[in-house]
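**Student:** I'd like to ask some things about the structure below.
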Amino acid sequence: MINGTKAVDRALRWGMVGGGGTSQIGYIHRSAALRDGNFRLLAGAFDIDAERGRAFGTSLGVAAERCYPDYETLFAAEAAREDGIEAVSVATPNNTHFAICRAALNAGLHVVCEKPLCFTTQEADELERLCKAKNKLIGVTYGYAGHQLIQQAREMIAQGMLGEIRIVNMQFAHGFHHEAVELQNLSTRWRVDPRFVGPSYVLGDLATHPLFLAETMAPQLKVKRLLCSRQSFIASRAPLEDNAFVMMEYDNGAVGTLWASAVNCGSMHGQKIRIVGAKASLEWWDEQPNQLRYEVQGEPVRILERGMPYLTPRALEEDRIGGGHPEGLFEAWSNLYRRFAQAFAASDRGDTAFLQTFWYPDVHAGLAGVRWVEQCVKSADAGAVWVEC
Ligand code: NAI
């Protein structure tokens, strides 16, 4: 059980790029990083508008001289300080991730980056190489991967409770962009503009989430080939898709499907993962994150509740309150940030043995998502053909 004590010897000195006062995702980064005292927010380039960023940073308690106009100045000025930041989170629109991550690693910082990590496999490979060269880590915020019931599913699958995995059925299909809301909403506007999001909309923005959840639950499955069909129901979004279907074949003979959509009218979020084995299935839905359905063929459905003693120790160790009280996205993110801090601290003390077995969404998780989106776009643009992964 987490009781608020630090998971590392001392709080890591931390900064942010993006995540400003008007952003969608900045608050959950701060809430997660600061919750258990594993990070201290000391600097930032919080906003594309320097003045607004400074005003926002100081309102958070960051010293005015450490609220910088841009990330280049942030990294250079902090590197020159004895008490400069050791880690940075990147919460800016997608087109900036690669350049900011590269600059952060070059400045000797550990990085927490939003998904998608970058646009191309080549860029992701470069970041991975840079991590090795600089001896720094990248964590990627696939938020719900930190939820205890995702870890429960991982353990049950590893223990063979489902039998050999046959089918992975994934979706992240909401209805919020069923019409051209981008005409009014700035946060949506860049999401449907290739200059900001590269080659895809819902594949990169939404699909990579359930894809990583499924990878976390069943890491042994490797996608061998895939076929993707994508549509732009709001015509002005073309060539970017607001709906996509992907079929996958895994190397063990299992098959998978993933439906990503922003035009699924009436659906709030619709992120679901169903993993079907030869004996039983598991299903998790982000709108009811504290319940995991365990369905054994021929037996009544079991609803496994978070926080109950029948779960595995791994699924209980990151609870913050007993079962019955709902935990959700904010707690899952806090679990991830706690793990990022532990990984960064282990890296700094050269503890490779710890890192070898320690789970968190790392640079490879970022790379896998980028490569998968790239192959989906290739398949769709060739007329929905099978492509090797
Ligand atoms: P947003 O448009 O609401 O906010 C972006 C923020 O970044 C703003 O504060 C803006 O001023 C700032 N910014 C833009 N360019 C900058 C630059 N060069 N330097 C410094 N600050 C800059 O975007 P939102 O929705 O918060 O998304 C940000 C990132 O988070 C995206 O990559 C998105 O895919 C990701 N995201 C991830 C989620 C998750 O569940 N992991 C959920 C929502 C978004």
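What follows is calculated from the coordinates using simple rules that are stated; it is not laboratory data. Just so we're clear, the structure is a prediction, and the values are computed from it rather than from any experiment. All Cβ positions, even for glycine, are placed from backbone atoms using ideal geometry, and neighbour counts span all protein chains on display.
**Student:** Determine the sum of side-chain charges near Gln291: Lys and Arg each +1, Asp and Glu each -1, restricted to other residues whose C-beta is under 13 angstrom from that of Gln291.
**Tutor:** -2
**Student:** On to the next question. Between Ile273, Gly307, Asn335, whose Cα lies farthest towards the positive end of the dipole of the chain when Lys and Arg beta carbons carry +1 and Asp and Glu beta carbons carry -1, centred on the Cα centre?
**Tutor:** Gly307
**Student:** Write out the GluC sites (Glu not before Pro) in the range 47-142 meeting two conditions: DSSP loop, and at most 14 other Cβ atoms within 10 Å of their Cβ.
**Tutor:** Glu82
**Student:** A further question on this structure: Evaluate the Debye formula for the range 166-214 with equal point scatterers sitting on the alpha carbons, no solvent, and hand back log10 of I(q)/I(0) at q = 0.17, 0.20, 0.25, 0.32 Å⁻¹, in q order, two decimals.
**Tutor:** -0.58, -0.75, -0.99, -1.21
**Student:** Would you mind listing how long the range 217-356 runs along its three principal axes, going by Cα atoms, in whole Å with the largest first?
**Tutor:** Between the extreme Cα coordinates on each principal axis of the range 217-356 lie 49, 46, 34 Å.
**Student:** Also, quick follow-up: For the chain, what ratio Rg/Rh do Cα atoms give with a Kirkwood hydrodynamic radius?
**Tutor:** Rg/Rh for the chain comes to 0.96.
**Student:** Calculate the spin-label point distance for Ala158 paired with Asp251, positioning each point 7 Å from the Cα along the beta-carbon direction, and give it in nanometres.
**Tutor:** About 1.9 nm separates the two model spin labels.
**Student:** With point charges of +1 on the Cβ of Lys and Arg and -1 on the Cβ of Asp and Glu, referenced to the Cα centre of the range 1-144, which listed residue (Pro69, Cys118, Gly37) lies farthest in the positive direction of the dipole?
**Tutor:** My answer, from the dipole projection, is Gly37.
**Student:** Still on this structure, please answer the following. Rg and Dmax in Å for the range 24-182, alpha carbons only: what are they?
**Tutor:** Just the Cα atoms of the range 24-182 yield Rg and Dmax of 18.7, 58 Å.
**Student:** Another question, then. How big is the range 88-132 by Rg and Dmax over its Cα atoms, in Å?
**Tutor:** 9.3, 25
**Student:** I'd like to know which of Ser229, Gln24, His325 lies farthest towards the positive end of the charge dipole of the chain, counting +1 on Cβ of Lys and Arg and -1 on Cβ of Asp and Glu.
**Tutor:** Selected residue: His325.
**Student:** Tell me which trypsin sites (Lys or Arg not before Pro) from the range 296-389 have a DSSP coil assignment and no more than 11 other beta carbons within 10 Å of their own.
**Tutor:** Qualifying residues, ordered by number: Arg349.
**Student:** Which value in nm describes the separation of the simple spin-label points at Thr22 and Lys132, placed 7 Å from the Cα toward the beta carbon?
**Tutor:** 4.2
**Student:** Which number gives the lysine pairs in the chain that have C-alpha atoms under 23 Å apart and are eight or more places apart or on different chains?
**Tutor:** 13
**Student:** Test of the criteria: in the range 1-85, which trypsin sites (Lys or Arg not before Pro) are in a DSSP loop and have at most 12 other Cβ atoms within 10 angstrom of their Cβ?
**Tutor:** Sparse-neighbourhood loop trypsin sites (Lys or Arg not before Pro): Arg10, Arg81.
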